[in-house]
1. What tally of residues in segment 130-178 results from selecting those that are more than 14 Å from the chain's Cα centre (by Cα) and either basic (Lys, Arg) or over 20 Å from residue 191 (Cα atoms) (or both)?
2. So residue 196 fits all but one of (1) within 16 Å of the ligand (Cβ to nearest atom); (2) in contact (Cβ under 8 Å) with a residue 60 or more places away in the chain; (3) over 21 Å from residue 257 (Cα atoms); (4) over 14 Å from the mean Cα position of the chain (by Cα); what number is the exception?
3. How about segment 7-33: which of its residues are surrounded by fewer than 20 Cβ atoms within 10 Å (Cβ to Cβ), within 21 Å of the chain's Cα centre (by Cα), of a type in the set (A, V, I, L, M, F, W, C) and closer than 22 Å to residue 115 by Cα?
4. If you check 175, 201, 190, which single one turns out to be at pLDDT 95 or above and closer than 25 Å to residue 257 by Cα?
5. Consider residue 135 carefully, then state whether it is outside any helix (DSSP H, G or I), at positive phi and within 15 Å of the ligand (Cβ to nearest atom).
6. Restricting to segment 70-93, what's the tally of residues that are within 9 Å of the ligand (Cβ to nearest atom) and in contact with a Cys (Cβ under 8 Å, 6 or more places away or on another chain)?
7. Please report, ordered by residue number, the helices (runs of 4 or more DSSP H) entirely within segment 34-117 with at least 2 residues that are more than 18 Å from the chain's Cα centre (by Cα).
Amino acid sequence: MEMPTKEAAIASNREAWNDSARHHKDSPDWPALADAVRQANFSCLDETLSGLLMQVGVADKDLVQLGCNNGRESLSLFALGARSVVGVDQSGAFLEQARELASRSPHAPQFIEADIHHLPADLQGRFDVALITIGVLNWMPDIGAFLRHVAQTLKPGGALVVYETHPFLEMFDPEAADPFRLSSSYFRSEPFVQHEPIVYEGKVEQPSAPSYWFVHTLGDLFSGAIAAGLQISHFKEYAHSNREEAYDRYQQQVAQLPLCFTWVVVKGGAEQGMPIRDLSDWLGDRAVRRDRCPRHE
Ligand SMILES: C[S@@+](CC[C@H](N)C(=O)[O-])C[C@H]1O[C@@H](n2cnc3c(N)ncnc32)[C@H](O)[C@@H]1O
């Protein structure tokens, strides 16, 4: 396979997401979402992420969500008491949807169109909490560079909160004849390439700009964070799936894989950072609610 440059992969991903936006808005779930965001306490965050954000403490804090897509999760942060929320995404077409949702909401998030590797200067050192959720890390060709840019948005002592799909899942193909057979290396270096629009369920049989999905090991993530001056404060793996429905088949197995994880890293440099406790015990006792954001594809 001919490998694109990092810049070419990021640009092609932008085009692919823009090509995909209308398919998400055409979903029967869109009208329900557009109505639900009218409520001041609207939230589509599941219990795992809401609980973690409450423990980290987001009330009266300035938050940024990187890779915010249609902004539904950014809007949800107000229900947890956020003082201000900025959503960043490089897809103008999805940010149009985010602005439409925001116009119906009583809250006033700001949405900024930017590649995370080229953030505007006024986002530097501005946030108490940066949030990254399901399906963002794998679009990044260089996870170390990405984490350095993310770290720059934080105030000293600020926290990056991540709720992502587990990299072990990249080793399986849920659509294969035997979905439990290992089909790809954990250490795969070439990206997965898709030539159709990016939708969360099924396929849209139309051509689109290629999109590039990169596999990052947990070691890549931890090393990247440490090199970016971020201290690991929490990491937890879960047996529930937070990605496309096809992956639900990996739940409730006798030999259970980890399916997703939460991760909190804190930017050094402040005498007193955010008072983040060891969250593992608290999260370990929580029942995990299975419902996810309303689907809108
Ligand atoms: C799977 S979506 C995130 C969905 C989100 N968790 C939700 O449920 O709404 C990934 C988003 O990352 C964005 N993205 C990918 N690469 C990016 C980059 N380099 N800079 C900014 N945004 C990027 C895409 O445009 C897309 O909207």
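The values are calculated or read from the model by the stated rules, or taken from the named source; none is laboratory data. Being a predicted model, the structure only gives us computed values, none of them experimental. For neighbour counting, all protein chains shown are included, and Cβ atoms are generated from backbone atoms with ideal geometry for every residue, glycine included.
1. Step one: list which residues in segment 130-178 are more than 14 Å from the chain's Cα centre (by Cα), which gives 141-142, 144-145, 148-149, 151-159, 168-178.
Then keep just the ones that are either basic (Lys, Arg) or over 20 Å from residue 191 (Cα atoms) (or both); that gives 148-149, 151-159, 177-178.
Total meeting the criteria: 13.
2. (2)
3. Selection gives 11 alone.
4. Details: 175 fails: at pLDDT 95 or above; 201 fails: at pLDDT 95 or above.
Step by step, each of 175, 201, 190 is checked, and only 190 is at pLDDT 95 or above and closer than 25 Å to residue 257 by Cα.
5. Values: outside any helix (DSSP H, G or I): yes; at positive phi: yes; within 15 Å of the ligand (Cβ to nearest atom): yes.
So residue 135 passes the test.
6. Selection size over segment 70-93: 5.
7. On the way: elements: 47-56, 72-76, 92-104.
Answer list for segment 34-117: 92-104.
Yes/no per residue for (1) aliphatic (A, V, I, L, M); (2) more than 20 Å from residue 3 (Cα to Cα); (3) crowded, with 16+ Cβ neighbours inside 10 Å:
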| residue | (1), (2), (3) |
| --- | --- |
| 191 | no, no, yes |
| 216 | no, no, yes |
| 225 | yes, yes, yes |
| 228 | yes, yes, yes |
| 234 | no, yes, yes |
